[in-house]
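The values are calculated or read from the model by the stated rules, or taken from the named source; none is laboratory data. Note that this is a predicted model, so its numbers are computed, not measured. These area figures cover heavy atoms from the full protein model, side chains too; ligands, DNA and RNA do not enter into them. Shrake-Rupley method; radii C 1.70, N 1.55, O 1.52, S 1.80 Å.
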Amino acid sequence: MTMGAFGVGQGIKRFEDVRLVRGEGRFHDDVNLPGQAHAVIVRSIHAHARLRAVDTKAAAGLPGVLAVFTGADVAADGLGTMKMTLKRKRPDGSPMFAPPHPGLVRDVARYVGDPVAMVVAETRAQAEDAAEAVAIDYEALPSLTVTANSIGGAAVWPECPDNVSNVHEAGDRAATEAAFARAARVVRRRYLITRVHAQYMEPRGALGLWDPGEGRYTLYADVQYPHRVRNALATNIFKVPEHTIRVIVGDVGGAFGTKGWQYPEHRLVLWAARKLGRPVKWSCERREAIPADEHARDNVSDAELALDAEGRFLALRVRTLANVGAYVSSDRNLLATFSNIVTLVGVYTFAAAHVEVLSVLSNTNSTAPYRGAGRPEATYVLERLIDDAARELGVDPVELRRRNLIPSGAMPYKTALGMTYDCGEFASNMEKALELADVAGFPARREEAQRRGKLRGLAVVNAIERAAGAQPEFAEIRFAPSGTATIFMGTKNQGQGHETTFKQILHERLGLDPAEVRYIDGDTDRVAFGMGTMGSRSTVIGGSALWTAADKILAKGRKIAARLLEAAEDDLLFSDGRFRVTGTDRTVPLTDVARAAFQPGQLPKGLEPGLYETGTFVPATDTWPNGCHVCEAEVDADTGAVALVGYVIVDDVGTVINPVTLKGQIHGGVAQGVGQALMEEVVYDPDSGQLLTASFMDYAMPRADTLPDMHIESHPVPTRLNPLGAKGAGEAGTVGALPAAMNAVIAALAPLGVHALEMPATPARVWRAIQDARRA
């Protein structure tokens, strides 16, 4: 990489931040259409209940009310549902049980928040008043919200009495059993990974428009993959040609995976807009977000580690119950249950491993990808298990890791779960992190904390993740006759800084001034194709698509430049935005070449006028970002309060496009991982199934003072799987933070005899663990 003024590797400030900090962004709440009506969703107040009657008469007669729709109306109009493409089976070999959500339920509500009716009125306030007037006769039914009790608990669906949706396995069961049989030591633990919600800055929304003249729907929504949402609505829901639906996404106030796909409200506002002949807007209130949205995580894992007499890892065996909620509407609802379980073996040498994941149903919201989508869960189980094994064996946890790391000379390395890591220097990451965190000086810091009456613990965690899955992505570079350019990207920015990243890549390749380049994404009528943004794929695959399009621009531009410079194509070099004739001072800038491209008289004979090219890139396989986290925590034994006092990360995300935005991504990821480890949790009453954490009064969120200053350094080992050498960075912080924070807290408590603690490590929970240990 040449690293021009704005090129790859430069730590420049984000271009989009100027308008965002001035309040000039265009978020979903900023989008309004003439004549729009407002929708409010009436949601179930029970976790499980039969709907004996839904009486809408009183609500429909209130001032301003245009319509009150129920599940019967949706069914009568024949709206479809989402579809599964995964071919999964239940443990007995029968087909997977995966009931999709119908949009509005008719007979039975299956979680607190399940959509029962939709009120549309002239104003939001009128719709809210009318929603309260919808009379629903509920017959409460037994509910199930605790994952560990799912098998054999109250049936969420009578057609699936054991609540098992499907099973997924990875690894070699027989080889793993044999390895455990010859093990000198086996360490067994159960780990709970709590249910959480994304809690983005702007809650979800949807605005639907029907144009009878064009016979087209337009959906304005804050989704992560506009083209796939369009396809889903056209193919599965409305069963119309895809070109009759347009999806437009502006600025997105955070998404983290949870806004990714097709929610019931999307189809409902479009359907209502056509029925009423006017736009219909739904805006999720903050108090409505947890009942309305998909949740994440919520696993129970029984994990076993087999070691030989020298403390070398022989095998890993994990059985997980993954709570997928009441509905399984698409592959997305299962993604976290299988896509990243292959990282359960981490960066360590295992001769064998076997994983079994049972996806179980419950009377809760469906679960789906949320920052990490299985990566933090896998790393959490393994890294907790290694620390517990070190304590049980009486060895240093760092030394136990060092003894079992995959050496860089073994690359490419095929793991016991069948994946191939193409590159990485795991030992170097860890040693560098140990040095930066001054792990050697930790005993002195612990003694100093003891003098202040505090308990201090340190955790070292190695993380690796499967990123940038092998799906295509699109980019287009379109020059105008004046010589300026516009780039169209199939990925969708949600706050990560895509405009800056992609302009840097374009500057690196074509030398264009970012101020002369316009950036467009999120509109299915303007961008030809796209898979969207998720799974740390945008830079890796979208950036490579842009690189591919730039190569095509250069190939055509070289022909035009040769004509303008009266030279042979083979004699031309391109650098710093200019074609130059080798050995001379004759040059022509790309912008002049672009202008000439629209003037037929300046073109070589037979060359098509214009300069606009597309690129579609699909990698051969996944990339493997990795790194080492070192976390130090202090615990107040009198109150149970936890304070993180040190955090160091050495990360390998491949080629670093912009170190400033990379650190921002890692900071945010760590905050979300630490938040779950220390305080965040969606909680249901186990008896009634009632949601107990529906607002920020009850659902705790990390603040700035939750986190210490973080020291982040990059140790890039570029991959050869794409032209940029990038591996992906979006999930990097979260993957390591979840186990790093928890292990640090447990390390602080271990001298008191506390060896088991489940997240979140709230002061009350930590205090109780201390009291229990003292009594024991």
With every protein chain in place, the accessible area of residue 189 for a 1.4 Å probe, in Å² rounded to the nearest 10, comes to 70
Whenever you get a sec, compute what percent of the accessible area on the chain sits on carbon and sulfur atoms (1.4 Å probe).
-> 51
In terms of Cα to Cα distance under 28 Å, which lysines are near enough to residue 57, apart from those fewer than 8 places away along the same chain?
-> 275, 281
Convex hull volume per residue in cubic angstrom - Cα atoms of the stretch 510-617 | 127
Over the stretch 602-741, calculate the relative contact order: mean separation of alpha carbon pairs under 8 Å at least 6 apart, over the residue count, as a percent.
-> 36
Whenever you get a sec, line up 551, 293 from highest to lowest accessible area (probe 1.4 Å, protein heavy atoms).
-> 551, 293
How much accessible area does residue 614 have with a 1.4 Å probe, in Å² rounded to the nearest 10?
-> 60
Given the C-alpha centroids of the stretch 639-668 and the stretch 574-611, what is the distance between them in whole angstrom?
-> 44
Convex hull volume per residue for the stretch 100-240, taking Cα atoms only, in Å³ = 233
Find how many whole Å separate the alpha carbon centroid of the stretch 448-477 from the alpha carbon centroid of the stretch 390-443.
-> 14
Which distance in Å, rounded to a whole number, links the C-alpha centroids of the stretch 306-322 and the stretch 2-68?
-> 46
Report the equivalent ellipsoid semi-axes for the stretch 159-255 in whole Å, largest first, defined as the square roots of five times the eigenvalues of the gyration tensor built from alpha carbon atoms.
-> 47, 20, 13
Give me the Kirkwood hydrodynamic radius of the stretch 429-568 in Å, from all C-alpha pairs, to one decimal place?
-> 18.8
When only C-alpha pairs under 8 Å and at least 6 residues apart count, what is the relative contact order of the chain, in percent?
-> 15
Residue-normalised accessible area of the stretch 326-483, given per residue in Å² at a 1.4 Å probe | 30
May I ask you to rank 162, 438, 570 by accessible area, largest first, using a 1.4 Å probe over the protein chains only?
-> 570, 438, 162
Largest to smallest accessible area among 752, 417 [probe 1.4 Å] = 752, 417
Structure shown: which of 89/414; 503/663; 87/727; 83/239; 503/559 lie over 20 Å apart, alpha-carbon to alpha-carbon?
-> 89/414; 87/727; 503/559
Taking a probe of 1.4 angstrom, what is the accessible area of residue 240 in Å², to the nearest 10?
-> 40
Here are several values of P(r) over Cα pairs in 20 Å bins from 0, in percent: (i) 11, 27, 30, 20, 10, 2, 0; (ii) 13, 38, 33, 14, 2, 0; (iii) 16, 46, 31, 7, 0. Which one was derived from the coordinates shown?
-> (iii)
